[in-house]
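Just so you know, all these numbers are worked out from the coordinates, no wet-lab data involved. All values derive from a computational prediction rather than experimental measurement. All Cβ positions, glycine included, derive from the backbone under ideal geometry; neighbour counts span all protein chains shown.
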Amino acid sequence: MSTDRSIVPGLETAALRSEPFYRRHLPLIARVGVPVVISLLVGAVVLAASGFNPLSIYSMLGREAFGSLDRIDATLAATTPLIFTALAAAFAYRAGIFTVGVEGSFAFGGLSAAVVGTQVGGLPPVLAVSACLAAGLLAGALVALVPALLRAVWGVDEVVTTLMLNFIVSGVSGWLVQSYFLAEGQANSATGYVASAAELAPLNPPNQTNGGLLIALALVVVYAIWVKKSTLGFQFAMVGSAPRFAVAQGLRVRLVIITALVGAGAIGGIGGASHTLGIVHRYSEGFSATFGFTGIAIALLARFNPVGVVVGAILFGALNSAGSTVQLFVNIPIQLIDILQGTVMILAVAQFAVPRLLRNRRKRRGATVEPADIPQAAEKKLGDTE
Amino acid sequence: MTNATGSTHSGPAADGVEACRIGASGVSRSFGPVRANADVSFAVRKGSVHALIGENGAGKSTLMRILYGLDFPDAGSVLIDGKAVVLAGPRDTIKRGIGLVQQELAIIDELTLLENLVLGEEPRRGVSIDWKRARADAKKLAESVGSRIDWSTPAGQAPIAIQQQVEILRLIYRGADVLILDEPTAVLAPAQASQLLRLLSTLRDAGRTIVFISHKLDEVIEIADDITVLRAGRTVASLRGGETSVQDLAELIMGDGAVIPARPTTRPPGQEILTVDRVSAVDDRGTQRLARISLTLHEGEIVGVAAVAGNGQEELAEVLIGLRKTNGGSTRLDGADITGHSVRRRRRAGIAYVSADRKHEGLALALPLTDNAIATPRLGSLGAHGWLSRRAVQERARAIFERASVRLGSPSDPASSLSGGNQQRVVIGREMIDNPRVVIASQPTRGVDIRGIGFIHELLRQARDEGAGILLFSEELDELRNLSDRIIVLQRGQIAGELPGGSSRSAIGDLMLSQTAALQTITGGAPFSDNDSSKGPRS
């Protein structure tokens, strides 16, 4: 052992570095770019089959998304809620928690902000906005609390609970609006408009992009620093990528799980509040254009990379804003945008299968027996140990 | 008594007269640096029961997989009917009349026993299955081996012994006259086991050939016509069943290489640190694995734990670090009850844990080495107010890497970039850095190169000399002999006996393998007062 003391750099690292080549080395651009390119090709086939020139339609889409300052502003306005929802999903995924409940938190946050917003007319704007955002945060977190406790204490699968809770939240929100917060003279189920003091002002009036974008970007930055530098953020990564290890090391697995779910709900709730204060100024039925679910797709594309979250949100925001106006000029099938988004989502999800497929192929080829996949066993243990 | 250094090896078909139905000639198979089989030769006479025995890792399973065409030898060949053949895979093997019963039965729970029996070979009438004939065949088959089976039972509801019988009968139904059974009695209660042995001898008497892998030497003596002993991948003996004894077999299995001088503590062990008092626990499937086990660990001693796989050693390690719940008994650390405590609390109280499953529990392979080094409940001390200090993190990681002489490129490389031996050094370094009170070390040198082994042993000895109590779980008997101040042997979740550290391999082996090992305390040391539970672990 005396000859063994020195740390020799470079030895036996390069050759043995075999494992997730795919995950670590493929740059973010490729991970986001490949699904996008493939989905554009799919869309091109659909367009060509419908008798359109794909290139001209795509260039029109590009112009409508980024062709002028006004269009860029519209794209960023459509991007803003997606940054919140994608960040919320990414936050939970970082800890290996797959939440689909951001949609519910977004809606409930939006409702709470609208309700509070109608009551804060007398306050200075900073306080009014803060109160509404806080209400959104709390409401979003509240929605996520039940799945969080179910998961952390009894190991109940969070995908099922968060998905189901979306429906409950939607029903409860509708009932609350109808019973307590209905604006007078409204046929539809909608609250009154928030006080002007509580509005998030447009950055470049009369366009729609508003202070919510700055809040969203600030949250992304905070997340990026927190996850790298904080002890809890560190444990998020541990629980997310090596759950059994985290348990055996006595890390705070239960706290991580609860924080991941509740935190995702809180971020989604702030997103809903920002959407209320900045764009629609009230809560009405159909408040969220499935932002929560689009956010999942973006988070899957980006994994938990903060830059990826922003890039992905801009991408989907551009599709949304351009898609809605292109319709005005050309009679393209309205479903084109859905096809493009859907293809990207499918490919984003499919990426998760790639490392496993590679592993299976290795297993089939080599006779070395790798231990069986961990997740199930690990999850079982996560449930009952801290 | 047979000399155990390999001189008793006699070649295949030693008698040369009787027909060899299946066998191996000079089979070698390596996995990386591990030689699972090295020049293995043996021949199974037609119409005999041939037992294949050896320690864990002696190469039995690899050999069995090769015989069945699931794996292929690097050198040498499989013999069928005396001729060297190249098997094209299990399908080909079955066609040649050879069937395999693995420990995990290939029974489909949702189907009835009858459906399981004929699955894939259903008797047909026109396009439909001829169930009448299937039932008649099944009845005849069961009768021919003197067994009564209710064929309409859903397989999932049948006892495991019946499932196993059906699996054997299925192979016969498909025309197999050679049956390879991998530890078939491991999953059975004693009464069922003797029933299975009777079934096997019935089949033998009907002219079938049986290859039988087992750890239970009294069974082997009872039923086997011939016995082949493997050790470290080599055939060390081929014997006739009637000409040997459990004692001889145990010695052959263990071998007794050069006696390694044990290095016991220079001073007597100090006060009790860890006390396990009548602890019981079940495994993930709910099988009772620890049955009111009691033991004590003192300051400054290494206690080795020896057991044949599945006798509760994994569960004991997991219980002690808090990964597994107990269903009875209590655990005390320095006199304070820690029975229900979490992993986190135990680690904070000074219990360290080296997991046998390095890939999943010992390390986060995809994450940087630094992160792997600092991931303990003491994380919070590497900074303040919930934030990590970069400097504190790097200093601690470096201290760990230096202490364990880890050879690494960059600390930000993922743990998977290191060789197995260096990975384990990271684990050991991390667990030892805070001078733990108690170390639960499970297979600490598995997959580690020789130099790494020596180094890890030295670290463990150092920790002991500094006053830690170490519980060492190992499949390597030499490691146990070399490191332990005393060795306890587990059987069926209880302590079968205790030996001094330097005991011979065969002494340990006897205790591990004996069915009747009573609750004997062979040497001094802490007496085990309270494991006189009359209930067996499988009750």
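Some observations on this one:
- Approximating the spin labels as points 7 Å out from Cα along Cα→Cβ, the B:Asp284-to-A:Arg63 distance works out to 6.0 nm.
- Cβ-Cβ FRET estimate between A:Val172 and A:Leu149, R0 fixed at 25 Å, reported to 0.05: 0.85
- Simple Cβ-charge dipole of region B:444-514, Lys/Arg +1 and Asp/Glu -1, about Cα centre, in debye nearest 20: 120 debye
- Only one residue of A:Gln249, A:Ala148, A:Gly117 has its Cα farthest out toward the positive end of the dipole of region A:74-331, where Lys and Arg carry +1 and Asp and Glu -1 on Cβ, and that residue is A:Gln249.
- Distance (nanometres) between label positions extended 7 Å along Cα→Cβ at B:Trp131 and B:Arg391: 8.0 nm
- Peptides B:314-322, B:287-295 ranked from most to least packed by the mean count of surrounding Cβ atoms within 10 Å: B:314-322, B:287-295.
- Cα gyration tensor shape of region B:345-397, rounded if a/c is under 1.5, else prolate or oblate by comparing a/b with b/c: oblate
- Shielding by partners - mean other protein chain Cβ count within 10 Å, residues of B:415-427: 3
- Taken over the Cα atoms of chain B, the convex hull encloses 176 Å³ per residue.
- Taking the number of Cβ atoms within 10 Å of each Cβ as an exposure proxy, the fewest-first ranking of A:Ser56, B:Ser355, B:Ser238 is A:Ser56, B:Ser238, B:Ser355.
- Computed magnitude of the charge dipole of the protein assembly as shown (debye, nearest 20; Cβ of K, R +1, Cβ of D, E -1): 1160 debye
- Signed unit charges on C-beta, dipole axis of the protein assembly as shown, positive-most listed residue A:Tyr180, B:Val489, B:Ser330: A:Tyr180
- Per-residue Cβ neighbour rank within 10 angstrom, fewest leading, B:Arg65, B:Arg45: B:Arg45, B:Arg65
- Once the C-beta distance of A:Thr325 and B:Ala384 is scaled by a Förster radius of 56 Å, the resulting FRET efficiency is 0.60 to the nearest 0.05.
- Descending semi-axes in whole angstrom, ellipsoid equivalent of the protein assembly as shown, from the Cα gyration tensor: 60, 36, 26
- Counting Cβ atoms of other protein chains within 10 Å of each residue's Cβ and taking the mean over peptide B:355-365 gives 6.
- Partner chain coverage, peptide A:223-232 - average Cβ within 10 angstrom: 3
- The simple spin-label model puts a point 7 Å past each Cα toward its Cβ; for A:Val159 and A:Leu214 those points are separated by 4.0 nm.
- Furthest towards positive pole of dipole, B:Val393, B:Pro73, B:Tyr173, structure part chain B, Cβ charges: B:Val393
- Three-way shape call for region A:74-331 based on the alpha-carbon gyration tensor, with the a/c threshold at 1.5: prolate
- Rounded FRET efficiency, nearest 0.05, which uses the C-beta distance separating B:Asp81 from B:Ser194 and R0 of 35 Å: 0.65
- For region A:74-331, the dipole from Cβ point charges (+1 on Lys and Arg, -1 on Asp and Glu) about the Cα centre works out to 840 debye, to the nearest 20.
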